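This report refers to the structure that appears directly beneath it.
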Amino acid sequence: RILRKRTMQWEAVIGLETHIQLNTRTKIFCPCKADSWGDSPNSNICPVCSGLPGVLPVLNRAVVEKAVILAAAMHAEVNLVSHFDRKNYFYPDLPKGYQITQYDEPIGKGGYMDLSVPGGSARRVRIHKLHLEEDAGKTKNVHGQRLIDFNRCGVPLIEMVTEPDMHSADEAAQYLLQLRQLLRWLGVSEADMEKGHLRCDGNVSIREKGSTVLNTKTEIKNVNSIDALRNAINNEIDRQVREVSAGGRVKAWTLDWDDETQTLKMMRSKETEADYRYFREPDLLPLVLDKGWVKGLIESLPELPLARRDRFISEYGLPLYDADILTGERALSDYFEETLRQYGGDLKVVSNWMMNEVLRMLNDLGVIVDELNLRPTHLAAIMRMIDEKKINAPTGKALVKKVQASGQTPEAIVQAEGLGLVSDDAALRETCQAVVTENPAEVKSFREGKESLIGWFLGQVMRRTGGKADPGMTRSILLDLLKGG
């Protein structure tokens, strides 16, 4: 209670620095494979990315293309002329003793992301800058020894720095969630935090509510999931409130988040830009972009996630929850619209099948939409067969799994396995008559007023026909026999 009372007097001020690994085939300045996840240590390096003397970097065009696409999607200004710089610092996993990055003239400036915080008010997070750089290697402590893997050296990154516009751990988590969605939507990064494709540092400070002062901040590193970011920031906000409330002051430290113990540890005092002695990279010319090329990339941008979600709500009348789920991934969103086009019926029917059967199957199988054998044409065919009373809904749900497992069309499976509804009047009447004759006690109860038993009789017929009896015809025949006898 005391901590809650104290927290009410303070406002958190949060900015995020994200490092985004671009999913290019090769590294940013050499032809080595960019994604070396799972490769043997130091098996994916060359003289360029391992920093041997006398080598020269050559810029990867695909890296620049993906950076322009992301900058445009973030509403940033794409600079037609930008420069590379050297960021000088010593660390064992940085073989050159410097990192090639962009400092004061990056490829993108400005921009923003509008957050859609569940249960909260919308917030616009401004982007300070968006720049290209190469990744460093990786150190690992094994049995008291510090081992170094250079495989990640030279992997292309975009570092994106926000303004201090967020004021809660939930807002920071939502920013990272929406950024991950956008990266995958655009196809510029796999954005898998577990594999280090998306890494995040959180800058946190506090101030009295109503103040506009930016106080001393700390930087949280080693955050490898969205939940970890939320927990680490909440932990640091509470620590700073306790520190200041006790009469102390917040010091500019770099903090390490231990997800296992849910604690923060001080690593070192926070560096300033002057510590890095930036200067222009002498081995690379200025990056000059053709205006027409940039314009073409911007015009080729797909409809973005929030815009598509809003369209699904306004154009299709979907509830916010459904629209949020169906636009969570671009492939899923495209699948929904293509199914709706193929089906041509009630869109809520399509939404229900997507939200229930398709998403359940994706989760159960652990696959992505593009790996499904069940294509939009198949799902639309299943729904049409139910509408046309060729099959019933349970058979349709079973067909979803059968199509996925076999790759055959729904029509072929129905014909081969005899799954079509039994709608022959004589055959159904014979089965219904047998059920009525064999259950005189239930017939007596029905005729004495317990008409809810019709469901039980219907179930008996369905059981005998393997669920293939036409429900409407069966109900009508049963009522005729039960009431007429």
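The values are calculated or read from the model by the stated rules, or taken from the named source; none is laboratory data. Source: prediction; values computed, not measured. Backbone-built Cβ (ideal geometry, glycine too); neighbour counts: all protein chains shown. These area figures cover heavy atoms from the full protein model, side chains too; ligands, DNA and RNA do not enter into them. Shrake-Rupley method; radii C 1.70, N 1.55, O 1.52, S 1.80 Å.
The table for this structure:
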{"quantity": "Exposed trypsin sites (Lys or Arg not before Pro) absent: longest stretch of the chain, with sites in DSSP loops and at most 16 other Cβ within 10 Å deemed exposed", "calculated": "26-208"}
{"quantity": "In sequence order, calculated HN-Hα J values of the stretch 33-47 (Karplus, 6.51, -1.76, 1.60; Hz; x Gly/Pro)", "calculated": "4, 6, 9, 10, 4, x, 6, 4, x, 6, 9, 10, 9, 9, x"}
{"quantity": "Residues whose placed amide H lies under 5 Å from that of residue 192, excluding near-sequence neighbours", "calculated": "197, 198"}
{"quantity": "3J(HN,Hα) from dihedral phi, the stretch 395-403, Karplus parametrisation 6.51/-1.76/1.60, rounded to Hz, x for glycine, proline", "calculated": "5, x, 5, 5, 5, 3, 6, 5, 5"}
{"quantity": "Potential lengthening between residue 483 and residue 314 on full extension [0.36 nm per residue; Cα-Cα distance subtracted]", "calculated": "55.9 nm"}
{"quantity": "Portion, in percent, of the accessible area of the chain that falls on carbon or sulfur, probe 1.4 Å", "calculated": "50"}
{"quantity": "Globularity ratio of the stretch 238-386, using Cα Rg and 2.2 N^0.38 Å", "calculated": "1.73"}
{"quantity": "Theoretical FRET efficiency, 1/(1+(r/R0)^6), r = Cβ-Cβ of residue 225 and residue 33, R0 22 Å, to 0.05", "calculated": "0.30"}
{"quantity": "Nearest 10 degrees, 0 to 90: helix 376-387 Cα axis against the chain principal axis", "calculated": "30"}
{"quantity": "For the stretch 54-155: rounded, prolate or oblate by the Cα gyration tensor [a/c cutoff 1.5]", "calculated": "oblate"}
{"quantity": "Nearest-ten-degree value, helix 454-464 long axis tilted from longest Cα axis of the chain", "calculated": "80"}
{"quantity": "Per-pair calculated FRET efficiency, R0 = 22 Å: residue 397 and residue 464 via Cβ, rounded to 0.05", "calculated": "0.60"}
{"quantity": "Helix 169-186 axis, angle to the chain major axis (alpha carbon atoms, nearest 10°)", "calculated": "80"}
{"quantity": "Shape of the stretch 116-249, Cα gyration tensor, a/c cut at 1.5", "calculated": "oblate"}
{"quantity": "Excluding exposed DSSP-loop chymotrypsin sites (Phe, Trp or Tyr not before Pro) (at most 15 other C-beta within 10 Å), longest clean stretch of the chain", "calculated": "91-485"}
{"quantity": "Label-point separation, residue 139 to residue 437 (7 Å along Cα→Cβ), nm", "calculated": "8.7"}
{"quantity": "Difference of contour (0.36 nm per residue) and Cα-Cα distance, residue 283 to residue 56", "calculated": "81.1 nm"}
{"quantity": "Separation of the residue 216 and residue 456 label points, Cα + 7 Å toward Cβ, nm", "calculated": "7.8"}
{"quantity": "Nearest-0.05 FRET efficiency for residue 261 and residue 17, computed from C-beta distance (R0 30 Å)", "calculated": "0.80"}
{"quantity": "Sum of -39500 (n - 2.57) over DSSP H runs of 4+, divided by residues of the chain (222 nm, nearest 500)", "calculated": "-12000 deg cm²/dmol"}
{"quantity": "Centroid-to-centroid separation of the stretch 162-221 and the stretch 90-136 [C-alpha atoms, Å]", "calculated": "10"}
{"quantity": "Paramagnetic reach from residue 356 (point 7 Å along Cα→Cβ, amide N under 12 Å) across the stretch 382-420", "calculated": "393-398"}
{"quantity": "Pairs beyond 30 Å (Cα-Cα), from 66/402; 87/109; 129/217; 87/251; 66/265; 66/138", "calculated": "66/402; 66/265"}
{"quantity": "In sequence order, calculated HN-Hα J values of the stretch 59-72 (Karplus, 6.51, -1.76, 1.60; Hz; x Gly/Pro)", "calculated": "6, 7, 4, 5, 4, 5, 4, 5, 5, 5, 4, 5, 4, 5"}
{"quantity": "Correct choice for Cα extents along the principal axes in Å that was computed from the model, options [x] 81, 64, 40; [y] 58, 48, 48; [z] 97, 57, 50", "calculated": "[z]"}
{"quantity": "Contour minus Cα-Cα distance for residue 346 and residue 77 (0.36 nm per residue)", "calculated": "92.6 nm"}
{"quantity": "Given the chain, longest segment not containing exposed loop GluC sites (Glu not before Pro) (DSSP; at most 10 other Cβ within 10 Å)", "calculated": "1-259"}
